[in-house]
1. Going highest first, how would you order 386-393, 315-322 by mean Cβ packing within 10 Å?
2. Would you mind telling me the antiparallel percentage of the DSSP bridges in region 194-323, rounded to 5?
3. Thinking of region 232-379 as a set of Cα atoms, what percent of all their pairs are more than 19 Å apart?
4. Output needed: percent of Cα pairs per 5 Å distance bin for region 128-259, bins running from 0 to the one holding the longest distance.
5. How compact and how long is region 367-455, expressed as Rg and Dmax of its alpha-carbon atoms in Å?
6. May I ask you to order 362-368, 84-90, 199-205, 177-183 by the average number of other C-beta atoms within 10 Å around their residues, highest value first?
7. A 24 angstrom limit on the alpha carbon distance is what I want to check against. Which of LYS277/LYS377; LYS148/LYS449; LYS164/LYS277; LYS277/LYS393; LYS293/LYS448 exceed it?
8. Using per-residue counts of other Cβ atoms within 10 Å, averaged over each peptide, order 101-109, 62-70 from highest down.
Amino acid sequence: MRKGIVLLSVVSAFSLSAFADDSGLESQVEDLQKQLKKLEKKVKSNNKKASQARTMANGNHLKFDVDFRTTMDNIDYTFGNGKSAENNSLLANRLLVNMKYDAGDKVRFYGTAAFNKAFGHTLNSQPSNMNHRFDWVTNEALADDGIKLKEAYWLYSNNTFLGKDVAWTASIGRRPSVDGLGANFREGNRRKSAIASTVNVQFDGASFKWNTNKITPLKGSWVKLCLGRGLTSAKPRFSNDGQDYAEDERAVNSNMIGMIFVPYDDGQYSLHTNFAKSKDMIGFDAHPEEGFKDFGDLDLSTVMFKADGLGDGINDFLDDTIVFASYSQSKTHPKDGMAMLGSTGSKTGESVWVGVQMPCPITDDGRLGFEYNKGDKYWRSVTYGEDTMVGSKVAARGDAKEIYWIKPLTKSLSMSARYTQIDYDYTGSNAFFGLGGAPRAIGDNDVKKAKDFRVLFRYKY
């Protein structure tokens, strides 16, 4: 286009100059030449702006990607008395629009907008007293047809810390705290921050990570400090008493502090540990109409071993097999006068989780996975955001078994099938920390077995 404008300028100037000897035409020729030069300058400027926009959109600056899936779940619940409840065609769409911006100054922005809704119906998935203060599962539960914020945070990175050869990062915002290590395999995703054995919920907060492998003999080691808030006790805007956003004594501030430490990671074998302390955990007492109350604190700890490939070049199958195993503990610290998980004394729960993902033997590029979970009577994880339709299998007080298959169809489209079965030994696996979370043996009207068979198609690009 620029060449055309320049050629037009030359031809026009030459043509008009031929008549320049005529009286009165010389000044008109000069005016037209000036206008053509202005037009050419404007075109050059617009071309430059368009080039910069394309660079930012397609280069190393502004990037978007889409993750859209359609699921069909066949759900079945069996009660202690043998009766059942089911839904054999729960259809849902979920859209994630991921954003990334790199300004080139050691700071990057990451964000995810989310839509998650059942086919043809807006579900009232939150009880009336779970108001805007509660958003642990905002984008993991089938809700309305609105777009919600799943993640939004900036990440600063540097290769030195206090003059030492320690790479580190700092980040604040809406955290990437679901699909953590363990839960990411069956989803076909890269791991997010937390270890999913104990924490798999959305929250807002901050994180600070230091790579310690260059200053210690621990290969591939790093440590990460995480701070988060899951609930706020602020009063709403336009409060009846005029105290907008003041602290509401009837509500709860629920905070968490955690430390992830990886003492070893050679790219194939790695060991991951996590300790977290959750303050002011919520639940309902004998008066649920009064809303959530503070029942006490919760300690969570886990250790996970992961092998990304077995052996060293034994065969292609073992090289492409992933194995992981974790052991976790939870310990309650009830607030004075409160029965946390049904007890005024501290209770310790335990859980194990093992899994394997391997190449599918009957397809060229498919993946086949198996997982098993076991939780005891007082086990309590904070995994309300786990991506299932029958509750968190990681939180099960009992046994959970799962098998899944993932198959790429094209570069951007894949499908998967998954079967999950949870056999409960005690009640309260998916409850909070008050009366509903008190474990007791399964009765006639309690869910004893939960099954979910899922088929999904996923477009990701």
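1. Top of the packing list down: 386-393, 315-322.
2. 100
3. 68
4. For region 128-259, the binned pair fractions read 2, 9, 14, 17, 17, 15, 10, 7, 5, 3, 1, 0 percent.
5. Cα only, region 367-455: 14.9, 49 Å (Rg, Dmax).
6. In decreasing order of mean packing, 362-368, 84-90, 199-205, 177-183 become 177-183, 199-205, 362-368, 84-90.
7. LYS148/LYS449; LYS164/LYS277; LYS293/LYS448
8. Ranking, from highest mean packing down: 62-70, 101-109.
Each value in this text was obtained by applying a stated rule to the coordinates, not by laboratory testing. What you are looking at is a predicted structure, and each value in this text was computed from that prediction instead of being measured. Because the Cβ atoms are built from the backbone with ideal geometry, glycine has one as well, and the counts that use them run over all protein chains shown.
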